[in-house]
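The values are calculated or read from the model by the stated rules, or taken from the named source; none is laboratory data. Keep in mind that this is a model prediction, so the values were computed, not measured. Quick reminder, even Gly has a Cβ in these numbers, built from the backbone with ideal geometry, and neighbours come from all protein chains shown. The protein model used for the area step is the full one, side chains on, heavy atoms only, and it has no ligands, DNA or RNA in it. Shrake-Rupley method; radii C 1.70, N 1.55, O 1.52, S 1.80 Å.
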Amino acid sequence: MGEKVYNKLVRDKIPQIVKRDNKVPFTHIATEQEVKPLLLHKLIEELEEFKATPNEEELADILEVIDGIAHAFNLDMDKVVKVKADKLEKRGGFNERIILEKVIE
């Protein structure tokens, strides 16, 4: 019987899934202070996975982590979406693929 060490934040149902596979998960609940850097690390992990395999599933994982970050930092996602819409209106998005090479003053 082997042991694999993860020491990382996982989705809420992972312990049940591990048990269903007849394995024994060892877990603990992160404190409010502990979870914040773990979520930021998880975001980087998910971004790297998306970079390697850009698809809807990986992008969905990024969105789930972002929802977790909003919850952990007590941010209002409705407000985030409104700010996003306001910035899109005022500054545009990224669809035109514009590269700013330089600005002469």
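Restricting region 73-103 to residues that are open to solvent by less than 100 Å² (accessible area, probe 1.4 Å) and part of a helix (DSSP H, G or I), which is nearest to LEU39 (Cα to Cα)? Checking each candidate, the answer is MET77.
Condition check ((1) surrounded by fewer than 10 Cβ atoms within 10 Å (Cβ to Cβ); (2) under 25 Å from VAL81 (Cβ atoms)) across all residues:
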residue	(1), (2)
VAL18	no, no
LEU38	no, yes
ALA52	yes, no
GLU64	no, yes
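For region 1-26, what are the residues that are under 20 Å from the mean Cα position of the chain (by Cα) and not in a helix (DSSP H, G or I)?
The answer is TYR6, ASN7, LYS8, LEU9, VAL10, ARG11, ASP12, LYS13.
When region 67-105 is filtered for residues that are in contact with a helix residue (DSSP H, G or I) (Cβ under 6 Å, 6 or more places away or on another chain) and of a type outside the set (A, V, I, L, M), only GLY68 remains.
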